[in-house]
Structures are given as structure tokens and as C-alpha cells.
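The values are calculated or read from the model by the stated rules, or taken from the named source; none is laboratory data. Since the structure is predicted, the reported quantities are computational estimates derived from the model, not experimental observations. Neighbour counts are summed over all protein chains in view; Cβ atoms, including those assigned to glycine, are modelled from backbone coordinates with ideal geometry. For accessibility, only protein heavy atoms count, side chains too; no ligands or nucleic acids. Shrake-Rupley method; radii C 1.70, N 1.55, O 1.52, S 1.80 Å.
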Amino acid sequence: PRYLPNWASLDARPLPAWFDRAKVGVFVHWGVFSVPAWGSEWFWWHWRGEGRADYERFVRRRYPPGTTYADFAPRFTAYDFQPREWARLFQRAGARYVVLTTKHHEGFTNWGSPVSWNWNSLDTGPHRDLVGELGQALRESNIHYGLYHSLLEWFHPLYLADKESGFKTQNFVFKKTMPELYDLVLKYKPDLIWSDGDWEAPDSYWNSTAFLAWLYNDSPVKDTVVVNDRWGNNCSCHHGGYYNCADKYKPGTLPAHKWEMCSSIDKLSWGYRSSMTLTELMDVASIIEELVKTVSFGGNYLLNVGPTKEGVIVPIFQERLLALGRWLDTNGEAIYESKPWRVQMENTTDRVWYTSKGPAVYAIFLIWPQDNILELSSPLPSQATQVTMLGFAGTLKWQKSPGGGLLITLPYMLPSPLPPQPGWTVKLEGVK
């Protein structure tokens, strides 16, 4: 059927199956904001939009008098950007899809956008097609490619004029936003469009439904493309493909609609900050915990890194990503292609979370029980029940608990000076 440019029709489109199966993605925030690398990727807005004194001081201390935000662009060099190395890292991290910022709210495009003259990565800065280069490397690694794109631009004169009119005019949309979206789709054939920057105006201003109808009916990716829910200030958590709802969104119960939780290793920023400290970064245990809770509730987990202006993903971010990948090497069976089970977590504790795949149920526990006995009250065992542990050969002994659940005897762990890995999985077969 052809989709009509209204939400009733567009929202009825089934979500392409690859997205729910993928579960794990990496988000990359990279742009001119990576040059000052201070505060956050909202640098220009805090400095010029709000006129914050700490940003004024920062620029005065570090840059020549009269410096403008545009002066940062030539310093966005991407000298050390090696897309194949990025793709290899993301693959080892266990990512099944990667989302790159093609354009943040500053308006600088990471490809040669024909409607962003001199404010794009071909005309200035790297003089490279960053979107295209990463896309090619990811495709070679069989990783799905997503493009983040901001609808608004803080200081674009056409946008400011539309805003001034109470969004009664749409010059910015027709001359800038829409040409860029169509260009991105036709040029790079993305698997996912991660829309943002929608909060100031309704979807009718952005012309979102007309674009999505074209995307689903006639675009080269009509059968495979997935989109999120940020298409106007009335859409989040209501319309679009899957739901983001809000940054770092954590539902307390199982949502009825497919969703995604985006999180950032740097807790204070999405873009790279040269001043970040270890205590401001997520540790591996927190990353695994967020992933497990998200997937138990039927969500996808999109973990963000911000590369430097040279295109380096700093070693501490690499270390976190590789630790996630090692955990997934062992426990990925309980994550990829899984479905939520009839309960998401043990009602007595939030340290045990469930997923399922066909008849198999997976219990992921985040703290090793002191007596080596794992008690699960939710699964109901039968004569045929078999318990194994991912990454461990052989079956585990279990008995029925007085309450009707299972008491599982875990393998004996030798004392080790190293902290234990964050989270283990027992696979239950023959339980209800």
C-alpha cells in the first residue's frame, strides 16, 4: 500500500525487522563543536545564544581577539580520521548499527551539502566527505548505517525569519532542511534517519509527513529504512518509527511500542570535551546495566562517543567500547534478536533481568550471589528444565525453591584480584 502524508497512515507502517534484532548501536557526535571541545556540543548556543560568561572567558583565554564560531571550522581537520579503523572498533564493540551526526544544530554539514555553501566538510575543515567515507567502511563491515540530522539551525537567517513569523513561513524548510534530507537519502541510502532539533515548531512547519511518505513510498530505502520520533514538537513518543521519547529515556515498565535509549559514555556531553575527567565517564558496569535493562524492556541501546577534531576516538572511549564488546561476545545470545519475556525483572531485586528467544529464557544477573546460589522466583521449572551458563561448559545443578522458582548452583569462582565482569547470563530451557 502507498502511505499517505498523515500520521494515521505513516504510523501504521511496520518497523523493518532488522532494527529490533540489532539491539546495540554506537552514536557518534562530531562537528565544528569538536574544535573548542569544551562544555558540550551546544558550545555556540551557550556562547553566542545565551552569552554565558564562562564561554566568553574560555574563548578570550584560548583564541585571538574577535574570534567567531566560523573561525573554528578550518581547525576541524579530521587529519587522523580512519573510517575503517572506526568500523573495526564499532564491530568489536558489538554494534549492529552506527549513527553519525551529519549536521548538528550549528548547521555545519559533514558532507558536501549543496545548500550549505562553505559551511560543510568538503569546502572547509577536513575537505572530505565524512558521511560517505564512514558509510563505505561500515557497509564493508556489514554494520547498518544511521544518519543523525538536525531539522533546525540555531543561527540560520532563514530559520530565524521563519521563527519570527511564528512559523507561518517555511523558507528555511524548503530551502535548507528538506533539500538536505532528500540529498542524504539519495546519496547515502541510510538504514536509519535519526531526526532531532524538532522542539521549537510543529511537524506541519517541518513538512515531516510529506517527507516520510516519500521515504516510505518512493525512496531507494523505502523497505528497509527506520526513523525515530523527532519530527515536530508534537511527535516525540507519539509518531514516527521507533520512539526515543527523550535523551537517556528510561521507562519503568515494558512500553507497547519499539523504542531506543541513547546514552553517552561522557555523562556531561555528547561531543568531545578535552577537559573530561574519569569520574565524569560511565564505567563498564553502568554501561552493561543500562544495556541489559533497556533490552529487557524491549528497547535498543545506542551508546555515544565524541571523536576529537582530528577524528580520534580517544583510548578511554575505545576501552569502554571494547569492554562492552567482550561482554557481548559471551552474553550476546541473550541480547541480539531477543524478545522481552513475560516478566522483565525479578520483583524482589533489580539485579536480575530477563530476555527470551523462542522457548529459551535468559536471566542476566548483575551481582554474583555470595553463596554461589542464584535464586529466581519468576521462572516455573518442570521435569525437562535445563540450566546452562553462557560462556561456561556443561549444565548447572538446580532445585525447586520453596516458593516454586529455582535455586541454581553457580560454578565456583576462584578469588581474583581483578574485579569480576559486570553481569552473567543463565539460560533456562523447559521453564514457564
Taking the stretch 23-54 and keeping only residues that are touching a His at 6+ places or on another chain (Cβ under 6 Å) and surrounded by fewer than 20 Cβ atoms within 10 Å (Cβ to Cβ), one is left with R52
On the given criteria, is L376 in contact with an Asp or Glu (Cβ under 8 Å, 6 or more places away or on another chain) and crowded, with 18+ Cβ neighbours inside 10 Å? yes
Listed by first then second residue, the pairs whose first member lies in the stretch 20-38 and is farther than 29 Å from N118 by Cα, whose partner is modelled with pLDDT of 95 or more and basic (K, R), with beta carbons under 9 Å and at least 6 positions apart or on separate chains, are D20/K258; D20/K339; R21/R96; A22/R96; K23/R96; V24/R96; G25/R96
Taking the stretch 95-120 as the search range and keeping residues that are open to solvent by 20 Å² or more (accessible area, probe 1.4 Å) and of a type in the set (F, W, Y), which one is farthest from the chain's Cα centre (by Cα)? W117
Go through (1) closer than 30 Å to T253 by Cα; (2) touching a helix residue (DSSP H, G or I) at 6+ places or on another chain (Cβ under 6 Å) one by one and return the number of the condition Y272 breaks. (1)
Regarding K400, is this residue more than 30 Å from A256 (Cα to Cα), open to solvent by 80 Å² or more (accessible area, probe 1.4 Å), of a type in the set (K, R) and over 26 Å from the mean Cα position of the chain (by Cα)? yes
Test for G423: is it over 24 Å from S286 (Cα atoms) and open to solvent by less than 30 Å² (accessible area, probe 1.4 Å): no
Is it the case that some residue within the stretch 82-94 is open to solvent by less than 40 Å² (accessible area, probe 1.4 Å) and acidic (D, E)? no
Of all strands (runs of 3 or more DSSP E) completely enclosed by the stretch 296-369, which ones contain at least 1 residues that are among the hydroxyl-bearing types (S, T, Y) and in the same structural domain as L130 (by the TED database)? 299-305
Answer yes if at least one residue in the stretch 121-140 is surrounded by fewer than 20 Cβ atoms within 10 Å (Cβ to Cβ), of a type in the set (V, I, T) and either under 24 Å from W44 (Cβ atoms) or within 21 Å of the chain's Cα centre (by Cα) (or both), and no otherwise. yes
If you take just the helices (runs of 4 or more DSSP H) that sit entirely in the stretch 13-115, which of them hold at least 2 residues that are under 21 Å from M261 (Cα atoms) and in the same structural domain as L186 (by the TED database)? 17-22, 83-92
Kindly indicate whether P411 is assigned to a loop (DSSP other than H, G, I, E, B), in contact with a strand residue (DSSP E or B) (Cβ under 9 Å, 6 or more places away or on another chain) and closer than 21 Å to T330 by Cα. yes
The lone exception for V387 - which of (1) open to solvent by less than 20 Å² (accessible area, probe 1.4 Å); (2) within 30 Å of D266 (Cα to Cα); (3) outside the structural domain of V295 (by the TED database); (4) not acidic (D, E) it fails: (2)
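A quick yes/no check of all residues on (1) buried (at least 17 other Cβ atoms within 10 Å of the Cβ); (2) at pLDDT below 95:
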site: R326; (1), (2): no, no
site: K339; (1), (2): no, no
site: M345; (1), (2): yes, yes
site: R351; (1), (2): no, yes
site: P369; (1), (2): no, yes
site: F392; (1), (2): no, yes
The lone exception for F155 - which of (1) outside any loop (DSSP other than H, G, I, E, B); (2) open to solvent by 20 Å² or more (accessible area, probe 1.4 Å) it fails: (1)
Looking at this structure, is A137 in contact with a Lys or Arg (Cβ under 7 Å, 6 or more places away or on another chain) and in a helix (DSSP H, G or I)? yes
